[in-house]
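Visitor: Just dropping this structure here.
The values are calculated or read from the model by the stated rules, or taken from the named source; none is laboratory data. These numbers come from a predicted model, not from an experiment. With ideal geometry, Cβ positions are generated from the backbone for all residues, glycine too; neighbour counts draw on all protein chains shown. Surface accessibility is based on the protein's heavy atoms, side chains included, excluding ligands, DNA and RNA. Shrake-Rupley method; radii C 1.70, N 1.55, O 1.52, S 1.80 Å.
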Amino acid sequence: MLTAVEWVASLSPWPADGFGLDRMVALLRELDDPQRSYPAVHVVGTNGKSTATRTIEALLLADGLSVGSTVSPHVRRWSERVRVNGADADFESAVARVRPAAERLGATQFETITAAALAEFAVRTVDVAVVEAGLGGRLDATNVLDTRVVLLTNVGLDHTEVLGETREQIAQEKLAVAHEDSIVVMSDNSFAHLVPGRRIVLGGAREAAEAFAGHAIEADVDVALPGRLEQRPGEMRDGAHNPDGVRWLVDRLPPAEYVVVASILRDKDADAMLHALARVGRRLVATRSSNPRAYAADELAARARPFFDHVDAVQDPVAAVARAHELGEPVLVTGSLYLLADLEASGVGSTEPPVSGGAGSAGAGAGTQPE
């Protein structure tokens, strides 16, 4: 029998019959609706959701609450996606709890992991769940929560084939997770007219945590996630995977002339991403992550040549990083969280032992969840 990691990795990340909530609702019903056992903070937006989720988690833990959290995608191990009180849960047991029902219903990879997280939170009797949405909001598998607070991190033009062609349409999809009695936290009032009930607080992760707590939280927290402005010897890794994310990244990098290693998915605006990356370096090594939607290295290299003085194409990510270090340091590895997960699975530059596909590790197929 396949382990939890092997089985989850074998599941399709995308629903064959289109996005919708019917299967997720049926799955949770078979599990006695664990998501009804606690209130939630729901984090939606184009970029920065995982960091915001972990920040809210840390603030609420500092305030004395028991907190479950789930983010996606992961970089180092599957268990990053099911956490209780700041620590990874036992991924094998969490998945085993939902596997029979998920198999009967033909649940997707994301539906299965989300259900495993929500059920684990109920078993552990958390006070609150902090849940990162996968894609959009209205038809996302996470739109099943007793949502007390919604945080909208930002809105950019990503996944337009699913969410709509304009920022207004995308914001409407994301804010559909808010209920009439939900407090919605957003950085400005651009989309206030889309909020049901109009209970709006301006701010970010801290304001979302404080809106849930009902008071100011004095603690200062420092949250670091794998693959988000992650510094390594001679190297920076960040999973920026759309133009807005890349622009945010290049504005915050320590000043240097970087050698860029990039893999980019075909459904992204690759030219805009490459144009932004050229601001921090004139040399690029194009590579390809294991995600089937990724450009082949030579295709990406062809797109990159108008923006960079020197471009190499190296299909294997491990060899691509090695080539970049030969060209010079510091190296910036970016363009896709799938690329970072592939490198973690290989153990390249890892601060931890190489993962091998065992319980909780990134393993084969770690890069198949939606980005």
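Visitor: At a Förster distance of 25 Å, what's the computed FRET efficiency of HIS179 paired with ASP127, Cβ-Cβ distance as r, to 0.05?
Guide: 0.85
Visitor: Let me ask something else. Amide H of ASP312 versus every other amide H placed in the peptide plane: which residues, excluding those fewer than 5 positions away on the same chain, fall under 5 Å?
Guide: LEU284, VAL285, ALA286
Visitor: Another question, then. Using every Cα-Cα pair within the chain, state what percent have a distance larger than 33 Å.
Guide: The answer is 27 percent, as a whole percent.
Visitor: Charges only on Cβ, +1 for Lys and Arg, -1 for Asp and Glu: so what's the dipole of segment 280-343 about the Cα centre, in debye to the nearest 20?
Guide: Charge dipole of segment 280-343: 200 debye, to the nearest 20.
Visitor: Indicate the gyration tensor shape class of segment 75-150 (rounded, prolate or oblate), computed on the Cα atoms with a ≥ b ≥ c the square roots of the eigenvalues: a/c under 1.5 is rounded; otherwise a/b larger than b/c is prolate and the rest oblate.
Guide: In terms of gyration-tensor shape, rounded.
Visitor: Moving on to the next point. When the chain is treated as a GNM, springs tying every alpha-carbon pair under 10 Å, which of LEU21, LEU202, LEU332 comes out with the largest mean-square fluctuation?
Guide: Most flexible of the set in this elastic network: LEU202.
Visitor: Residue by residue through segment 79-89, what is 3J(HN,Hα) from phi via Karplus (6.51 cos²θ - 1.76 cosθ + 1.60, θ = phi - 60°)? Round to whole Hz and write x for glycine and proline.
Guide: 5, 4, 8, 9, 10, 9, 6, x, 10, 4, 6
Visitor: Among VAL123, PHE308, PHE19, whose Cα projects farthest towards the positive end of the dipole of the chain, with charges put on the beta-carbon of Lys, Arg (+1) and Asp, Glu (-1)?
Guide: The residue sitting farthest along the positive end of the dipole is PHE308.
Visitor: Going by average Cβ neighbours within 10 Å, how do the peptides 251-259, 117-125 rank, with the highest at the top?
Guide: 117-125, 251-259
Visitor: Treating only the Cβ of Lys, Arg, Asp and Glu as charged (+1, +1, -1, -1), what charge dipole size does segment 130-174 show about its Cα centre? Round to the nearest 20 debye.
Guide: 180
Visitor: Using the beta-carbon distance between VAL201 and ALA256 and R0 = 30 Å, what value does 1/(1 + (r/R0)^6) give for FRET efficiency, to the nearest 0.05?
Guide: Plugging the Cβ-Cβ distance into 1/(1 + (r/R0)^6) gives 0.20.
Visitor: Quote the relative contact order of segment 258-329 in percent (integer), defining contacts as alpha-carbon pairs under 8 Å separated by 6+ residues.
Guide: With pairs under 8 Å counted, the relative contact order is 38 percent.
Visitor: While we're looking at this one, here's another question. Picking from GLU180, GLU80, GLU168, which is most flexible by a Gaussian network model of the chain using Cα springs under 10 Å?
Guide: Top of the fluctuation ranking is GLU180.
Visitor: Mind listing the phi-derived Karplus ³J(HN,Hα) values for segment 28-45, rounded to whole Hz, using 6.51, -1.76 and 1.60 with θ = phi - 60°, and x for any glycine or proline?
Guide: 5, 4, 5, 9, 6, 6, x, 5, 7, 7, 7, x, 9, 10, 9, 9, 10, x
Visitor: If you don't mind, there's one more thing I want to ask. Of the accessible area of segment 6-101, with the probe set at 1.4 angstrom, what percent is carbon plus sulfur?
Guide: Here it works out to 47 percent.
Visitor: With only Lys, Arg, Asp and Glu charged, each at its Cβ (+1 for the first two, -1 for the last two), find how big the charge dipole of the chain is about the Cα centre; round to the nearest 20 debye.
Guide: Charge dipole of the chain: 220 debye, to the nearest 20.
Visitor: A follow-up question, please. According to a simple spin-label model (label point 7 Å from Cα along Cα-to-Cβ), what is the distance in nm between ALA319 and ASP267?
Guide: In this crude spin-label approximation the distance works out to 2.9 nm.
Visitor: I would also like to ask the following. For VAL185, list long-range residues whose amide hydrogen, built 1.01 Å from N in the peptide plane, is under 5 Å from its own amide hydrogen.
Guide: VAL150, LEU151, LEU152, VAL201
Visitor: Just need the Rg to Rh number for segment 66-222, please, alpha carbons only, Kirkwood Rh.
Guide: 0.97
Visitor: Given a cut-off of 16 Å, what percent of all Cα-Cα pairs of segment 144-260 lie beyond it?
Guide: 69
Visitor: Can you give the direction-averaged projected area of the convex hull of the alpha-carbon atoms in segment 1-126, in nm²?
Guide: Here the figure is 7.8 nm², rounded to one decimal.
Visitor: What share of the DSSP beta bridges in segment 1-136 is antiparallel, in percent to the nearest 5?
Guide: Counting only bridges with both partners in segment 1-136, antiparallel ones make up about 35 percent.
Visitor: Which whole number in µm²/s is D for segment 169-222 by Stokes-Einstein, with the Kirkwood Rh taken over Cα pairs at 4 °C and 1.567 mPa s?
Guide: Estimated diffusion coefficient is 109 µm²/s.
Visitor: Another question, if that's okay. Averaged per residue, what accessible surface does the chain expose to a 1.4 Å probe, in Å²?
Guide: Counting only protein heavy atoms, the per-residue value for the chain is 38 Å².
Visitor: Considering Cα pairs under 8 angstrom that are at least six residues apart, work out the relative contact order of the chain and quote it in whole percent.
Guide: 20
Visitor: Please give the FRET efficiency for ALA302 paired with GLU103, using the beta carbon to beta carbon distance and R0 = 51 Å, rounded to the nearest 0.05.
Guide: 0.75
Visitor: With springs only between Cα atoms under 10 Å, which of PRO34, PRO100, PRO226 fluctuates most in a Gaussian network model of the chain?
Guide: Answer for the Gaussian network model of the chain: PRO100.
Visitor: Of THR51, THR142, which has the most accessible area and how do the rest follow, probe 1.4 Å?
Guide: Sorted descending by solvent-accessible area, the residues read THR51, THR142.
Visitor: How many percent of DSSP beta bridges within the chain run antiparallel, rounded to 5?
Guide: Percent antiparallel among DSSP bridges in the chain is about 20.
Visitor: Going by amide H atoms built from the backbone, whose H comes under 5 Å of the H on VAL130, apart from near neighbours?
Guide: Correct list: VAL41, GLY68, SER69, THR70.
Visitor: Something else now. Can you work out the Karplus-derived ³J(HN,Hα) for every residue in segment 116-121? Use 6.51 cos²θ - 1.76 cosθ + 1.60 with θ = phi - 60°, whole Hz, and x for glycine or proline.
Guide: These are the phi-based 3J(HN,Hα) values: 4, 5, 5, 5, 4, 4 Hz.
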